[in-house]
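**Student:** Quick one: structure below, then a few questions.
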Amino acid sequence: TPERPFVFLHHEKCAGSSLRRYLVQAAKKRGVGFFVPCYDGGGVYREDERCYAFDLSNATAASGGAPPALAATAGHFNWGVWDALPSSKHDPPPCLSLVRHPIDRAISLFYERVYQRDDHLGGRRLNDWSVSDFEWLLGAFKGSAFSMWRDEGFCDQVCKNLLGLAINRGRTPAAVDALPADVTSRAASSLDAGLAVERLGKCVVGIQEDWAGARRAIDHWFPWLSFDDDVRRNVGFSDAETRQTLRPELSAAIEKCNACDLAVYEAATRRVEAQKEFLDERAAILVAERGARAG
């Protein structure tokens with residue numbers, strides 16, 4: 001509801017494209033206001049500027065609902081986006097977040113954003129990169145899915161979302177270059193892993209490699225978010241390296257620039273296990289109650 005809206009915090013390359021589509025389907029089915037870039041109010045996917053501006057300034061009746069009427073929203077939002085919802089009475093509102101191991105996320109991002117380029121960066125498989133070149137890429141590359149926009153890149157992207165420090169997303173290269181030095185330095189030096197973990201703990205959490213577990217949690221805590229087809233989209237490059245086959249020195253480089261995200265991932269796995277234990281206990285109680293009634 002507008003008083004208790006639902007927010008899906010979609011982290012880049014963490015299984016969110018499918019859930020955004022499901023959310024649009026569910027919101028339309030129930031006739032509630034929604035804002036899900038890149039969808040319009042009719043539920044049609046449109047790749048335009050709205051896809052990359054993850055704030056609520058673009059939420060209108062034409063996009064599914066204006067802020068006073070928004071009951072559901074999903075996208076690559078910074079933590080606290082709901083502050084722009086004047087009717088919301090919860091901080092945070094009911095939220096869902098899916099995360100992924102930083103190495104897996106980096107591999108997926110590389111093959112979507114770098115490998116397919118037609119310039120000097122493209123065409124080389126990840127394991128063919130030298131360590132020095134790859135370390136440069138980790139720090140310098142901020143290209144979004146479409147090169148005219150910028151993103152947070154390979155390093156600590158989940159933490160930046162959870163801490164409200166995703167400063168590049170939705171900006172053009174010129175706009176990123178024009179950011180004040182104090183803004184960029186704060187975003188680079190203020191990654192509080194403890195606070196990021198604390199905020200993650202206020203949401204229902206899933207991890208990408210346990211899609212069945214994420215689906216089970218969603219079915220329990222957000223049963224209105226029905227999946228019409230349960231077909232995952234944007235699943236990545238099928239022949240990519242894996243966490244097991246990536247050269248160890250490249251894995252180490254990814255982990256080095258994702259210390260905060262690694263802490264969040266470890267916390268997410270603990271929370272997912274706690275959610276599973278709760279659901280298992282609840283299922284056992286329901287089975288016992290049904291048996292007692294039948295007896």
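The values are calculated or read from the model by the stated rules, or taken from the named source; none is laboratory data. These numbers come from a predicted model, not from an experiment. Backbone-built Cβ (ideal geometry, glycine too); neighbour counts: all protein chains shown. Please note that ligands, DNA and RNA were not included when accessible areas were found on the heavy atoms of the full protein model with its side chains. Shrake-Rupley method; radii C 1.70, N 1.55, O 1.52, S 1.80 Å.
**Student:** Less than 9 Å Cβ to Cβ from G143, Lys/Arg counted +1 and Asp/Glu -1: what total charge do the surrounding residues give?
**Tutor:** Its environment carries a net charge of +3.
**Student:** Nearest 10 degrees is fine. How inclined is helix 259-294 to the longest principal axis of the chain, computing both from alpha carbons?
**Tutor:** Roughly 20 degrees between the two axes.
**Student:** Taking the full set of protein chains and a 1.4 angstrom probe, give the accessible area of W221 in square angstrom, rounded to the nearest 10.
**Tutor:** The accessible area comes out at roughly 90 Å².
**Student:** Rounded to the nearest 5, what is the percent of antiparallel bridges among the DSSP beta bridges in the chain?
**Tutor:** Counting only bridges with both partners in the chain, antiparallel ones make up about 10 percent.
**Student:** Among 14-26, 106-118, how do they line up from the highest to the lowest mean number of other beta-carbon atoms within 10 Å?
**Tutor:** For the peptides 14-26, 106-118, the packing ranking is 14-26, 106-118.
**Student:** How large is ³J(HN,Hα) for each residue in segment 239-255, as worked out from phi by the Karplus curve 6.51 cos²θ - 1.76 cosθ + 1.60 (θ = phi - 60°), to whole Hz, x for Gly and Pro?
**Tutor:** 9, 6, 4, 10, 4, 7, 9, 5, 4, x, 5, 6, 4, 5, 5, 5, 5
**Student:** Excluding ligands and nucleic acids, what accessible area in Å² is computed for R270 using a 1.4 Å probe, to the nearest 10?
**Tutor:** 150 Å²
**Student:** Which of the lysines could a cross-linker span from K142 if the Cα-Cα distance has to be under 29 Å and same-chain partners fewer than 8 positions apart are dropped?
**Tutor:** Qualifying lysines at Cα under 29 Å: K13, K160, K202, K256.
**Student:** On a C-alpha basis, how far is the centre of segment 271-295 from the centre of segment 178-227 in Å? Whole number, if you could?
**Tutor:** Here the answer is 27 Å between Cα centres.
**Student:** Using just the helices of the chain, give the 222 nm mean residue ellipticity in deg cm²/dmol: DSSP H runs with n ≥ 4 each add -39,500 (n - 2.57), and the total is spread over all residues, rounded to 500.
**Tutor:** -12000 deg cm²/dmol
**Student:** Right, another one. So what does V44 come to for accessible area, using a 1.4 Å probe and Å² rounded to 10?
**Tutor:** 70 Å²
**Student:** Quick query: amide H of F35 versus all other amide H atoms, modeled in the peptide plane; which residues come in under 5 Å with a sequence gap of 5 or more or a different chain?
**Tutor:** It is A72, T73, A74, by chain and number.
**Student:** Sticking with this one: Residue-wise, which Karplus ³J(HN,Hα) couplings in Hz belong to segment 22-32, taking 6.51 cos²θ - 1.76 cosθ + 1.60, θ = phi - 60°, and x for glycine or proline?
**Tutor:** 4, 5, 4, 4, 5, 5, 5, 4, 9, x, 10
**Student:** With θ set to phi - 60° and the Karplus curve 6.51 cos²θ - 1.76 cosθ + 1.60, what are the ³J(HN,Hα) couplings of segment 148-159 in order, to the nearest whole Hz, using x for Gly and Pro?
**Tutor:** So the J values, rounded to whole Hz, are 6, 10, 10, 9, 8, x, 8, 10, 6, 5, 5, 4.
**Student:** Can you give the angle from 0 to 90° between the axis of helix 131-140 and the longest principal axis of the chain, with both taken from C-alpha atoms, to the nearest 10?
**Tutor:** Orientation of helix 131-140: about 60 degrees from the principal axis.
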